[in-house]
1. Long-range amide H contacts for D139: which residues qualify at under 5 Å (H placed 1.01 Å from N, peptide plane, sequence gap of 5 or more or a different chain)?
2. Largest first, please: the extent of the C-alpha atoms of the range 148-334 along each principal axis, to the nearest Å.
3. Quick one: angle between helix 182-205 and the longest Cα principal axis of the chain, in degrees between 0 and 90, rounded to 10, please.
4. With a 10 Å cut-off between alpha carbons and a GNM built on the chain, which of A111, A236, A336 moves the most?
5. Mean-square fluctuation check for the chain, GNM, Cα pairs under 10 Å: which of G99, G50, G286 is largest?
6. Compute the long axis of helix 152-175 from its Cα atoms, compare it with the longest principal axis of the Cα atoms of the chain, and write down the angle in degrees, 0 to 90, nearest 10.
7. When each pair of different Cα atoms in the range 199-275 is counted once in the 1/r mean, what is the Kirkwood radius in angstroms, to one decimal?
8. Using only alpha-carbon positions, what ratio does the radius of gyration of the range 1-148 give when scaled by 2.2 N^0.38 Å?
Amino acid sequence: MGEAERDLPVRGWLPRTAALLVGTLALATAFIAAYVGALHQPTPRDVPVGVVLGDQRAQAAMAAVRGRTNKIKPVEYDDPAAAADGLTAREVYGVLSSGPDNGLRLTTASASAPAAADVVIQVFTQAARQANLPIQVSDEVPVEPTDPRGLVPFYLAVGYVLGGYLASTALGLKTGTAPTNLRRAGIRVAALAGYAVLLGIAGATVVGPVLDIWHHDLPAVAAVGALAVFAAAMAAAAVQAWLGLLGTGLVILLLVVLGNPGSGGIYAPEFLPGWLRGMHRWNVPGLTTDLIKSAAYFDRRSTGWALTGLAVWVLAGILGLITATIFRAHRRAARARAHSAPVGGATADG
């Protein structure tokens, strides 16, 4: 409590303090509910697996699996090349096809989500065993041995997003949640952009040379990190410019309480409860996790919506900050005119 608040009577500071504590309690409770509710019992459902039209043996095996479980969802492709592209574009977690000796071939990409690849392998290995068919399993895009459960992309995304909204909050506390004019709004955007670049490089350096986890594509990871930090920072700056420091609670709700479990975390989105599925396609942590995986393991075709989505967050945040700055400047000007107007509407001629 500050000096001014200590000098106020209890009724002066108690309501505000109580409201802050209630808000914090609500956020903490939502945090517990979202994380525990989403991740306490991950259950795979409709995990997409590619199969080629006209591949009768693979189609029959897929139909048999679908008749026994809802864990797998077939995604049909016109030819083997399209199916292979679907795997590396992260549309599916595996591709089932006919293999040698009248058997099956299963190709996975564990870098997309090791847990999803494990489920795919388990389901089709069991199905092949029951049908007395040989099955050949290969991993087209394996996860790094230094990160066997695929934790790094998610936790790196969490660090980037956390750094972004903390930087925005710190600037808001120091200089005001809403800039006083467009020039200062531009300075804030530039400061957050520079900070985003530095944190993007720092994160890539930590997972690369420092911890020796990834050894390739670190410039791409740093670029993704900078974009993610900037997206989180601008989203927070826009909300805080409109709502003040109370907007920080909404930012935490969107980016942390719902954002982190909604991204899937260490699991594929297909493992989450229905109310969280698909959230990774619009929340900043989910988009960042997907884009980091694409940068570290896959080619440009896999960036797709993740790159576009983060760019949309950046543009929406900048637009929100600018409009809030203009709105508040007009309000201040209107108040100044109202205060300077003569009492009773008298004029100089009156």
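Read-outs: derived from the displayed coordinates by stated rules, not from any lab. Note that the structure is a prediction, hence the values are computed from the model and not measured. All Cβ positions, glycine included, derive from the backbone under ideal geometry; neighbour counts span all protein chains shown.
1. Counting only residues 5 or more places away or on other chains, the set is T108.
2. Sorted largest first, the three principal extents are 59, 38, 27 Å.
3. Helix 182-205 sits roughly 30 degrees off the main axis of the chain.
4. Ranking A111, A236, A336 by mean-square fluctuation puts A336 first.
5. G99
6. That works out to roughly 10 degrees.
7. 14.4
8. Working: Rg = 25.4 Å, N = 148, 2.2 N^0.38 = 14.7 Å.
Expressed relative to 2.2 N^0.38 Å, the Cα Rg reads 1.73.
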